[in-house]
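Contents: one structure, followed by commentary.
What follows draws every value from the coordinates through simple rules; no lab data is involved. Not measured: the values here are computed from a predicted model. Heads up, the Cβs are rebuilt from the backbone with ideal geometry, glycines too, and the neighbour counts pull from every protein chain shown.
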Amino acid sequence: MYLKQVELENFKSFGGKMTIPLMEGYMAVTGPNGSGKSNITDAILFVLGPKSSKAIRAGKLTDLIFDGGKTGKKAQYTKVSLVFDNSDGILPWNDTTVRLTRYVKMSANGEDYTSHFFINDQKSTLTEFENLLSKARISADGYNLVQQGDVTRIVQMGGIERRRVLDSISGIASYDADISRAQSERAVATDNLERISFILDELTRQIDALKKDMEAATKYLTIQDRLKMSKAQMVFRNLEDRRNELAGSERNRVEAMQALDAIKQELVAKAQVIEDLTKEISDVEADIINRAGPEYKKISDDILQLSVDIANLSDRIERMETENEEHKINIKKNEEDTIEANKSIEALTTEIDNNSIAISEKSSKRDSESEKVTKIQEELSAKGGELKELQERLAVLEPNIDRAEDKEADLRSAATSFATRKEEISRSLAASEEVVKDTQFNIKDAEFSLAEIKKELKDNGADAIREKIQAEKAKERELETKESELVSAASRINEDYLRLKAEKKVTDSIRGSAAVGRVLELRDTGALKGIHGTVMELASVDKEYETALSIAAGNKMQAIIVDDDQVAADAMAVIKRENLGRATFLPLNKMMDGKPRAKAIMVAKDTEGYAIDLLDFDEKYRAAFWYVFADTLVCRTLTDARKIMGGVRLVTMDGELLEASGAMVGGSIGKNPLKFGASSQGKLDEVAAQYRAVSASLEGLRAQIREVRSGLRVLEDQLMDANKGNADVQGKIGRLESQIKVLTEEKSRQEEAQRNNRSVLSQIESMEAENAKELSNCMAELDSMRSERAQIRVKITEIAPAELSEALDQARTNVYNLNMEVNDLIAKNAELTSERSSFENAKALMARATVTYVERIESNNQKITGSRATIERKTIDKVSLEKIKSQMDENIADLNERKSDLLVERTKAESDKGKLLDDKDAKQYLVENLGTTIENLGKEVEALVTETESIAFEVETPLPSENELKRTIKNCEDDLSKLGNVNLRAIEDHNVTKARYDALEKESDQLKDRIKDLNELMDTLGEQKKGLFMKTYDGIDVNFRSIYAELSGGGEAFMKLENEDDPFAGGLLINAKPKNGKLLRLEALSGGEKSLTALAFIFAIQEFQPSPFYVLDEVDMFLDSVNAEMVAKRVRESSAKAQFIQVSLRKVTLALAQHLIGVARLPSGLSKVIMQPDMEE
């Protein structure tokens, strides 16, 4: 393949049409300066389309159009064609001749233009040109077309730019693009990872805050579920029991009714028998009277009456004897119970006596301590009347303060309850508002979709677009969620920053010493090493103990901890020189740790602990903090502290300080006290940097949101275009309208819930305000009393001797403790005495009952004796009458016998009837009672069935017993009562937050994996890129060494990388040693040597990437004749493999060229071409 000819039309100095034939081998183009010889190379470059018009020596493309010369008219277009011989098929075009044409035409306004490309007269593009020529390694920007400035540029360019020449030749641009994409993707992933880390930190704090509430709520729900299950089981247990009872009652009633019917039938039959016997007896008696006379009847009646009386008296005796036996049993039981009561009374009496002894002993000790109090008070009173008055006022104030504190505790508890309720309602309100917001969003979204569907456009790919929209909206929601979380994190960090800033401002303003501020300035500026900071900066403390520990530390909080005593001495020298006052230094190399005193160890169990143990600090500072606190103990209240004061330093949670000597310090605390953990400039800068990072991350996220929203608008526009003629539009409209209706109703319900919540919240806030007002008044009253008490105590301390004051407090404490113990014992004895009295009363009752039983036995015995005497007398009377009657019976013996038999038979029948009547009444009562029971049980069963049907969960079986269920229910209710108010939403909030955390953590892990993969990919690409580059570098270096040696007639040259380990971190150096010269860098060579070396470099590149033809435009301009000849010989030698077209003015070049083209400039301004081919060839 070679360039056969160049066809020009109105191109620069070539007016009209002109064809310049070209031949294989070495062609030289020459002519005077300004003749237009380089315009031929410009024409070739014009067609090949370099990136800049400057490459073809024109300010703009329209400058390439023939300007008309000196006399002609400016042409309106220019056209250049390169005709290639493609016999060998190097160019991937199905033709042996390939004509590449470029056409540029001026527009009508004379400013603009149009440019067109053609391949074999078929319209094409520059890209197609470049793709086609790249197969033959021909490029407008490559080194197969070398212009006048390329050699100079090689000489003048820096090492980095020169290395980039090899970058371009090695073809590593694709690797750079891949690496750049990987770097961009890694940057995005890193930003996302950082953003997620902020969110995860925020979510961790939220989860920790919710965890305790969640555990309480979980416990509450577990107990509630157990209670619910137990109650349900109790319902089923009751139902089962009631059903069993009902079935049993129904069986019993049927049996009772059957028995009742049988009894009634027997009664009817028995009544008839009695009636018949009575009639028969009456007939017999009538016969007896007729036969024996009326006197016989009277005697018979008397005997009958005596028999009845004797029988009644015998029954009476039997009943009284039975009653006597029962009385004897009761008397024996009372005797046994009395013995047990006596034992209990004896044990209780012993315990009461022991307690009485203890009461007596403790009362004696109390009286002794009271005498001490009285004696000390008398001593204090003797000191002056004011001290006595103060003591009396203090005795009045103490109980009043105790009552006020109890009231304050109750009011604070109520305030906490109100706050909890408000928080619950606020959360409910927030959730409702969120639902309303989401519902409103969904309504708008549905209305938007409805509006889109109502356009009744056909759906041409709409489903796919909708899926994209849904995906993008999901992405938008995810990004909005992250934005919300980042905003929350940013807000929290900003609050921390403002808090720290305020703390630092307060700390700076109350350091109290310019010296301390100056020393910390030396630390912050680095002017003096070894300064760690103040005690208050280097420790942190739980807010609960903040007041106590700040008071305990006092001014020592401003003490400055330093490495050693030399640092302290240097710092003291500075503040002394600048006359800034004094400061306390704690050199770590000299500070000594200590141990608590014996008294502190003894009473520590009755306190909150040692102050030094309630701080959080680096253990290397322990000796310094021991200097500040020593064995100071923290007490919950002043009352607690007073019980153990003396010989140990104490501080209360409210800030009262009790020195080991007995001195007490208290009162109100200033508005801006020094605090541990106070903000330093370092902390402030750290939080500020964190806030900036979060803000930057938030801004990046918002940029993503804007990009997603922009994409959504495009997709929505596409959806509107695609929705045409949808046949199912009415169905979709109906569904959307129904959805909008449901959402609107849900929104209304939620808004109603919001109104209700706000109403309740308003009521609670009103009650809370009243409670707060009452609490404020109570606190004011309490503060007033406490202030007065503190003033009195201070006054007493000032007036009274310390040892008397301490002894008085100790004596009063002893009296108080002993009095409490005595009262406890007295209360205990009262309980025991009451219990003993109960036993004694029971014993007395049993004694009286025994006397009554004895009296009744004696009375019964007397009655029995009397009854027996009466029976004996009546028996004698009966016997006498019976003798008389027996004499009379001889005539009516048969009738009497008959009557006697009938009477016996009737008596038996009447007895049977009586039993039947009793049975009938019993059965009747039983039937009626069972009927009522059955009715009631039926109602209970019906109610229980209804209740079981309302239970919406499966009840566990088998069912426990009723007693076991009752115990479980009571235990559950007690447990729920102990838990109090529980935030049940904490579980959902925790689970949602935890799920969000887990999702983000998973995303974080994926991002970390992706970053790792991208790093590995970049390392792999970097190695491949380096390998390809080094292959190119080595190949060109070998060529360069050989070509330079050839061109310089025996010189040496080589390339060198500035950074061989990482070629892309440095440039490319060229070193040359001309024949008989020194080894120098390219920049240090003479002008001609530079050009020769640069040409050797260019030829090395060409040889590494050979092309079918080369264009060299006056590359020998700065060479001397010897070097120009060497270059020309090199070109002549290389022309055996490729076509060379060289523009040159050198005779030696023209002499060595195989073909010559001469260019001359006519007076008219037109360039003219003269050919001199190699005739031999």
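A few comments on the model shown:
- In the chain, helices alone account for a calculated mean residue ellipticity at 222 nm of -25000 deg cm²/dmol, with every DSSP H run of four or more residues adding -39,500 (n - 2.57).
- The ranking of 436, 742 by Cβ neighbour count inside 10 Å, starting from the fewest, reads 742, 436.
- Pairwise FRET efficiency - residue 620 versus residue 222, Cβ, R0 = 30 Å, nearest 0.05: 0.05
- The mean sequence distance of close C-alpha pairs (under 8 Å, at least 6 residues apart), as a share of the length of the stretch 524-673, puts its relative contact order at 23 percent.
- If R0 equals 51 Å, the separation of the Cβ atoms of residue 566 and residue 208 corresponds to a calculated FRET efficiency of about 0.70.
- Within the straight-line cut-off of under 16 Å between alpha carbons, the aspartates and glutamates reachable from residue 1056 are 161, 167, 1034, 1037, 1083, sequence neighbours fewer than 8 places apart in one chain being disregarded.
- Two-site label geometry, residue 849 and residue 942: point separation in nm, points 7 Å out along Cα→Cβ: 4.6
- Helix 385-453 and the longest principal axis of the Cα set of the chain meet at an angle near 60°.
- A Förster radius of 60 Å combined with the Cβ-Cβ distance from residue 856 to residue 375 puts the calculated FRET efficiency at roughly 0.30.
- Positive-end residue, the chain charge dipole about Cα centroid, Cβ charges, pick of 198, 415, 1064: 1064
- Length available on full extension from residue 928 to residue 312: 0.36 nm per residue minus the Cα-Cα distance, which gives 218.2 nm.
- Charge dipole of the chain (Cα centre as origin; +1 on each Lys and Arg Cβ, -1 on each Asp and Glu Cβ, all else neutral): 7220 debye, rounded to the nearest 20.
- Relative contact order (percent, whole number), the chain, Cα cutoff 8 Å, 6+ residue spacing: 27
- Restraint check, 17/70; 863/885; 468/994; 1031/1090; 543/605; 473/1002, Cα-Cα greater than 24 Å: 863/885; 468/994; 1031/1090
- Net dipole in debye of the stretch 557-625 [+1 Lys, Arg Cβ; -1 Asp, Glu Cβ; about Cα centre; nearest 20]: 380
- Under a 5 Å amide H cut-off, with hydrogens placed 1.01 Å from N, residue 4 pairs with 83, 84, 85 among residues at least 5 apart or on other chains.
- Segment residue 70..residue 665, full-extension length gain: 203.1 nm, with 0.36 nm per residue of separation and the alpha-carbon distance subtracted.
- Residues of the stretch 899-927 falling in the label zone of residue 286, defined by backbone nitrogen less than 17 Å from a point 7 Å along Cα to beta-carbon, are 899.
- Order of 1089, 7 - criterion: other Cβ atoms within 10 Å of each residue's Cβ, fewest first: 7, 1089
- Structural size metrics of the stretch 205-322, computed from C-alpha coordinates, are Rg and Dmax of 37.9, 124 Å.
- Think of the stretch 524-673 as a dipole: +1 on every Lys or Arg Cβ, -1 on every Asp or Glu Cβ, centred on the Cα centre; then among 607, 645, 561, 645 lies furthest on the positive end.
- In a DSSP loop and with at most 14 other Cβ atoms within 10 Å, the GluC sites (Glu not before Pro) in the stretch 834-890 are 890.
- Simple spin-label estimate for residue 1078 and residue 1065 in nanometres, 7 Å along Cα-Cβ: 3.1
- Nitroxide proxy distance, nm - points 7 Å out along Cα→Cβ at residue 921 and residue 105: 13.9
- Relative intensity, log₁₀ I(q)/I(0), of the stretch 524-673 from a Debye sum that treats every alpha carbon as a point, q = 0.12 Å⁻¹: -0.55
- Members of 475/1012; 211/747; 37/1075; 407/970; 37/74 lying beyond 28 Å, as alpha-carbon distances in this model show: 211/747; 37/1075; 407/970
- Helix 173-292 and the longest principal axis of the C-alpha atoms of the chain enclose an angle of approximately 20°.
- With the gyration tensor restricted to C-alpha atoms of the chain, the semi-axes of the equivalent ellipsoid amount to 120, 57, 26 Å, longest first.
- The phi-based Karplus calculation (6.51 cos²θ - 1.76 cosθ + 1.60; θ = phi - 60°) puts the 3J(HN,Hα) values of the stretch 532-543 at 8, x, 6, 4, 5, 7, 8, 9, 10, 8, 4, 4 Hz, whole numbers, x for Gly and Pro.
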